[in-house]
Structures are given as C-alpha cells and as structure tokens.
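Down below is the structure, laid out as structure tokens.
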Amino acid sequence: MVSRVIPVDPFDLVIFGGTGDLAQKKILPGLYRRFADGQMPAEARIIGAARSDLTSDSYRAMVRDAVSEAIPEGRRNGDTLTAFLGRIEYVTIDATGTAGWTELAAMVRPDVVRAFYFSVAPSLFGDLAKRLNDHRIASRHCRIVVEKPFGRDLASARDLNATLARHFSEEQIYRIDHYLGKETVQNLMAVRFANVLFEPLWNAQYVDHVQITVAETVGVGGRGAYYDKSGAMRDMVQNHLMQLLCLIAMEPPSRFDPDAVRDEKLKVIRALDPVEPKDIVRGQYLANDTLSGYRDEAESPDSRTESFIALKCGISNWRWAGTPFYLRTGKRLKARASEIAVVFKDAPHAIFGQSAGTHRNILSIRLQPNEGITLGVTIKEPGPGGMRLLDVPLDMSFADALGPEASEVPDAYERLIMDVIRGNQTLFMRGDEVEAAWAWTDPLIEGWTERGDAPAPYEIGSTGPEEAAILMHRAGRKWREIRP
Ligand code: BG6
C-alpha cells in the first residue's frame, strides 16, 4: 500500500485537559503517529493546558511516557519521538479563574490554524469558551473540539449548544464521535456510494433486517461514577450506535461534504419510530470468581443502570418501512467484536427444493478487531452428490486484501484531529443531529425509569441476558455470533 500522506497546514493545537486520560491514551499518541508519518508539519505545535503545576519539560516527560505506553516499541522511533516532543509546550491554566490565560494568549501564533480541544468535563465548556474569547485567544477561524458526552438529555444538550453558540459559530464546533473516525465506518460509505452493486438492494424490499453489535469485554472499572449516571443507552447507543445506524440507513448524499452528509443523517434520526418497551432489553453483568459485577463497580450497590442494551427499532420512510434495525451493545461480553450485518431476504423462490436448506446473503461490516467487509454468498458444494448448497464468504478483510500495512489501521482520533486542522466537519456531529438523537432516546430512558424496570442479570463472558435472544426469536431471527 502506498502512503499518501498529505501534510496539513501549520497549526497550534491547545489541549485543555492535556494531562487527562484521553489526552494520554488517544490524543497525544495519535498526534505522534501523524507526526511520524509526516502529516504534521514541522511548524505545528501542541500546547498542553491543565490545572497541574508543571513545566513544559515535565509535561514532555509525561507525554514521552504516554506515547511509549500506547505505541509498541517496534512501531516508534526514539529520534522521531524526541523531535515530536520538541513540538510540545505546556501552560498551567485555571478553566474557571484567571491563571494562565495571559500566558496562553502570548503563546498562540496569529498566522496558523488554531484549534482548541476541550478534553474536560462538559461543565467547563462554557468557562473555556468564554475565556478564550475574553482573552482574544479565539480567532474568527479557530476551531474547538468537544468530546462526548454531549449532554445527558435533550435539555442539557440544548443548553450546551446554546452556551457554545454564544462564542463560536457552528462551523467552528467539532463534536467528536470517535466511531465516525474508524476506518471501516468510513469504508461503509465507500462501499455504499462508490459501487452500483448494493444500492439497488439497499431497502425494505430486499433487506430483512440489520443488526448492529458493539460488544466489549471490558467492564466499567474505574469509570463507575460516570457510567452509573449514563448506562449503555447514553454512553453508546445515543451516539456511536446511532451514528452507525445513520450511515447504513441514510439516502445517498449529493456530495461528500459536511452538510450534505449530515442533512441525510439527521433525516434518519428524525424518521426513527419510538421503541416499544417489549422491544428493549437491558442487562447488568454479575460478578464471577475473579471479576467484580456491575453493581460492585457502580456508584450505588442497588443501581438499575444498564451495562447491556438490545433493542429493535424501525425507520418510518419509504426505503425502510418494515425492515427492523436491531442494536446491541454491552460490557463484559464474550468477546470484543463490533459488526454491522445487513441480512438480505430469502430468494423469492427456492428452485433447489427443501433439502437445499435456506440460505441468505449477509453483508458483514466488521469494525473491530480484524476490520473488513464480507459478503456471504451461496454456491454449490463442490463434488458429486447432487445440488447441495453452501454459504461462503466473499471476503475483503483489509489485512488480506491490502497487505500488511493495512493491519496498522490508524486510530480514529488520528483521522479526526487531522480533519479538524483541515477544517473538514463531515465526520463530526452537527448540533441539530445531537439534539435529534437525544429527542429519540429521552422517552425510552424516561419510560423505563418511570416503570421502574430492573435490568436483567447476565454472566460475564456471555452474549448478554437471555431476554435479548428472545427479542430476536420472537420474530424468527437470531443474533449474529459474537466472535473475536
Ligand atoms: C466510549 C465509551 O465512547 O467508547 C466507552 O464511553 C467505550 O464506554 C468506548 O468503552 C468504546 O470505544 P472503542 O473504540 O474501544 O470501541
């Protein structure tokens, strides 16, 4: 595979929360990789900003450790890392006070792209936005990047949008959903809109149902306090899974540009039907001999927050009326495996008779691990013995098809941060999209809260509660296997 890295323009990227978990685990290692690849120009600069009283040198030492921890030794180079650290500075800053702002104002350069990454609690977004403006650090063309959670319901998301809108225009606000930066997610758009093969079949006439699974083996661990107030619905479905659903279900945009794509996604969210209580299954993992259960890690020992959710939803438009979309995500499941499966209908007439069995085409878009796309097709089983049918995959595993370099799929954050610098919002959520997503999820959450529904327990290492399987069986369907 030939590397086609195009360097971005020189920039100053200020990371608020520069000493935090996300900065250390994702943002800074991602930036190192872009630097090592030659995409980050020599004039680019990264400024870590946080409350801790550090010098630039001690911050650089922290970044060195973070990059070394995140990137295996064989894939990093000592000299490159030292050169990368040379691009980094630090400023101690008080997001709600005055300390550090004059210093930051003196650090940013007038003639380069300016981006501010708000990797902090959403309660600080307003303070940061205001101070950036008061101190004239925010220029008219600067960009801000905000992390999820973007609110916890429609009302708080609206407040947040209004707060940011007081200081920045929509074109300056980059709301990250890192699932949109995943390589296969972008490939999903290429497969849909760069081939003639799929689009004619991409509708309720030919698609029986769609399954979107994001299964994780990790538990909530040290994030119990945050997670217990969110649950799988707010943490994963409202953003990541809904974004995947939008990309599968949307109409072809007229151009691959930010508003054309986001307009189409918004229409999908607005066409989602309310979900009936019988079509939602929530679960909580139990402890086993070695690992603690959800309630041991949650804030409250009798928590009713879900660590698993499965639901069936419908889209009321001409393309999809009658085709259910099944979403499923959970922690401490059997394997880390994320997949979108488009399950096509049976052939209209079975000419090979009953004994040939039933066979279906399934397009599987595998997000992680082993990124790739597979189309299941039915062929004749080789050899004598009559017309026996067999399902085989037409496989486009990226590692096999594109060579060994493809196994080094860039992390979602790398792509997204470079898009911020390039000023391309296509893979970022617009304010109205986020609000529409909350408008759909709010009544579901309110519904089970009012009813006092308790999540069903499930074993660690399982596929979730039995009730999730029943949700599928009721319609004569079954979940795809969760396999690594
Ligand atoms: C985050 C959620 O947005 O996504 C986490 O808050 C989850 O709970 C994570 O573990 C999953 O991301 P990925 O890229 O590992 O699938």
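If you scan the stretch 86-125, which residues turn out to be of a type in the set (A, V, I, L, M), buried (at least 20 other Cβ atoms within 10 Å of the Cβ) and in a helix (DSSP H, G or I)?
Leu104 - this is the single residue of the stretch 86-125 that is of a type in the set (A, V, I, L, M), buried (at least 20 other Cβ atoms within 10 Å of the Cβ) and in a helix (DSSP H, G or I).
Could you identify the single residue in Ile212, Ile248 that is open to solvent by less than 40 Å² (accessible area, probe 1.4 Å), of a type outside the set (Asp, Glu), outside any helix (DSSP H, G or I) and more than 10 Å from the ligand (Cβ to nearest atom)?
Ile212
Pick out the one residue from Ala138, Ala165 that is open to solvent by 50 Å² or more (accessible area, probe 1.4 Å) and either closer than 28 Å to Ala437 by Cβ or of a type in the set (Val, Ile, Thr) (or both).
Ala165
So Thr290 fits all but one of (1) of a type in the set (Val, Ile, Thr); (2) more than 16 Å from the ligand (Cβ to nearest atom); (3) in contact with a helix residue (DSSP H, G or I) (Cβ under 6 Å, 6 or more places away or on another chain); what number is the exception?
Only one criterion in (1) of a type in the set (Val, Ile, Thr); (2) more than 16 Å from the ligand (Cβ to nearest atom); (3) in contact with a helix residue (DSSP H, G or I) (Cβ under 6 Å, 6 or more places away or on another chain) is unmet by Thr290, namely (3).
Any residue at all in the stretch 316-326 that's part of a strand (DSSP E or B) and crowded, with 18+ Cβ neighbours inside 10 Å?
Yes, the stretch 316-326 contains a residue that is part of a strand (DSSP E or B) and crowded, with 18+ Cβ neighbours inside 10 Å.
Tally time: how many residues in the stretch 304-332 are of a type outside the set (Val, Ile, Thr) and within 16 Å of the ligand (Cβ to nearest atom)?
Residues flagged as of a type outside the set (Val, Ile, Thr) and within 16 Å of the ligand (Cβ to nearest atom) within the stretch 304-332 amount to 8.
Yes or no, residue by residue, for (1) without any contact (Cβ under 8 Å) to a residue 40 or more places away in the chain; (2) more than 25 Å from Glu89 (Cβ to Cβ):
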residue: Pro110; (1), (2): yes, no
residue: Val120; (1), (2): no, no
residue: Ile144; (1), (2): yes, no
residue: Phe150; (1), (2): no, yes
residue: Gln172; (1), (2): yes, no
residue: Ala190; (1), (2): yes, yes
residue: Asn203; (1), (2): no, yes
residue: Thr217; (1), (2): no, yes
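Residue by residue through the stretch 227-243, note down the ones that are near the ligand (Cβ under 8 Å from one of its atoms) and either more than 16 Å from Gln284 (Cα to Cα) or aromatic (Phe, Trp, Tyr) (or both).
Within the stretch 227-243, Tyr227, Asn239, His240 meet the criteria.
Would you pick out the residues in the stretch 355-371 that are away from the ligand (no atom under 16 Å from the Cβ), surrounded by 15 or more Cβ atoms within 10 Å (Cβ to Cβ) and either within 17 Å of Thr213 (Cα to Cα) or not small (Gly, Ala, Ser) (or both)?
Correct list: His359, Asn361, Ile362, Leu363, Ser364.
Select from the stretch 462-478 the residues that are over 18 Å from Ser307 (Cα atoms) and of a type outside the set (Lys, Arg) and write down the one among them that is least open to solvent (accessible area, probe 1.4 Å).
Our first condition is that a residue be over 18 Å from Ser307 (Cα atoms); within the stretch 462-478, this holds for 470, 472-478.
Narrowing the set further to residues that are of a type outside the set (Lys, Arg) leaves 470, 472-473, 475-476.
Details: Ile470: 78, Met472: 0, His473: 109, Ala475: 47, Gly476: 71 Å².
That would be Met472.
Looking only at the stretch 5-23, filter to residues that are part of a helix (DSSP H, G or I) and either among the hydroxyl-bearing types (Ser, Thr, Tyr) or surrounded by fewer than 20 Cβ atoms within 10 Å (Cβ to Cβ) (or both); which one of those is nearest to the chain's Cα centre (by Cα)?
Filtering first and then ranking leaves Leu22.
What are the residue pairs meeting all of these: first residue in the stretch 176-187, first residue in a helix (DSSP H, G or I), second residue more than 9 Å from the ligand (Cβ to nearest atom) and of a type in the set (D, E, K, R), Cβ atoms under 7 Å, and 6 or more apart or on different chains?
Gly181/Arg415; Glu183/Glu371; Thr184/Arg366; Thr184/Glu371
A quick yes/no check of all residues on (1) open to solvent by less than 10 Å² (accessible area, probe 1.4 Å); (2) polar (S, T, N, Q); (3) more than 16 Å from the ligand (Cβ to nearest atom):
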position: Glu199; (1), (2), (3): no, no, yes
position: Gly221; (1), (2), (3): no, no, no
position: Gly224; (1), (2), (3): yes, no, no
position: Glu276; (1), (2), (3): no, no, yes
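From the list Glu466, Glu405, Glu381, pick out the single residue that is of a type in the set (D, E, K, R) and at pLDDT 95 or above.
So the residue among Glu466, Glu405, Glu381 that is of a type in the set (D, E, K, R) and at pLDDT 95 or above is Glu466.
Against the conditions (1) farther than 28 Å from Lys312 by Cβ; (2) among the charged types (D, E, K, R); (3) open to solvent by 50 Å² or more (accessible area, probe 1.4 Å), where does Glu147 fall short? Just the number, please.
Result: Glu147 fails condition (3) only.
The values are calculated or read from the model by the stated rules, or taken from the named source; none is laboratory data. Everything numeric in this text was worked out from a predicted model, so none of it was measured. Cβ: placed from backbone, ideal geometry, glycine included. Neighbour counts: every protein chain shown. Ligands, DNA and RNA are stripped out before the accessible areas are found, and what is left, the full protein with its side chains, is counted by its heavy atoms. Shrake-Rupley method; radii C 1.70, N 1.55, O 1.52, S 1.80 Å.
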